[in-house]
1. Mind listing whichever residues of the range 2-12 are within 28 Å of residue 127 (Cα to Cα) and either under 13 Å from the mean Cα position of the chain (by Cα) or surrounded by fewer than 20 Cβ atoms within 10 Å (Cβ to Cβ) (or both)?
2. Tally up the residues in the range 140-173 that are in contact with a helix residue (DSSP H, G or I) (Cβ under 6 Å, 6 or more places away or on another chain) and either crowded, with 20+ Cβ neighbours inside 10 Å or not in a strand (DSSP E or B) (or both), please.
3. Quick check: is even one residue across the range 122-131 crowded, with 24+ Cβ neighbours inside 10 Å and either in contact (Cβ under 8 Å) with a residue 40 or more places away in the chain or assigned to a loop (DSSP other than H, G, I, E, B) (or both)?
């Protein structure tokens, strides 16, 4: 477990990144942190039960998303997609996971679950391909900050008033 601290304009969130269980996903996120990619970015998307467009089999979720924002869905796979079946990590309250368009097509963005979200696991109905999302960590301190961020949800998922991520750092152990 590698500890990571996210310093936001609303407070500090500490994450436990599970490199042993999810080496590709955790390694991708940790490389972004070590390269200071998230410094100066934001939580730019809040998916609340009241503001999301749900199509066909998809189910409503509650997450906050931060990092870099991409709107292209044609990204080629960048890393191996680690399903929740492979890692044993599930999308429970406080889980941190990589945002993606297609399996492995990630784009330097992550999300945190506000509640248990089994529809984001392998076989879940949130993504049409059924592969789920690659969970790699969890919030260990500062879940109240996550809730404060979530409370700033707007009418649409993408925020007009984004919440700054001032710095992301690996905490020395």
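1. 6, the sole residue that qualifies.
2. Of the residues in that region, 1 qualify.
3. Checked the range 122-131: no residue is crowded, with 24+ Cβ neighbours inside 10 Å and either in contact (Cβ under 8 Å) with a residue 40 or more places away in the chain or assigned to a loop (DSSP other than H, G, I, E, B) (or both).
Computed from the coordinates by the stated procedures, all read-outs in this text should not be read as laboratory data. Given the structure is predicted, the values throughout are model-derived calculations rather than measurements. Heads up, the Cβs are rebuilt from the backbone with ideal geometry, glycines too, and the neighbour counts pull from every protein chain shown.
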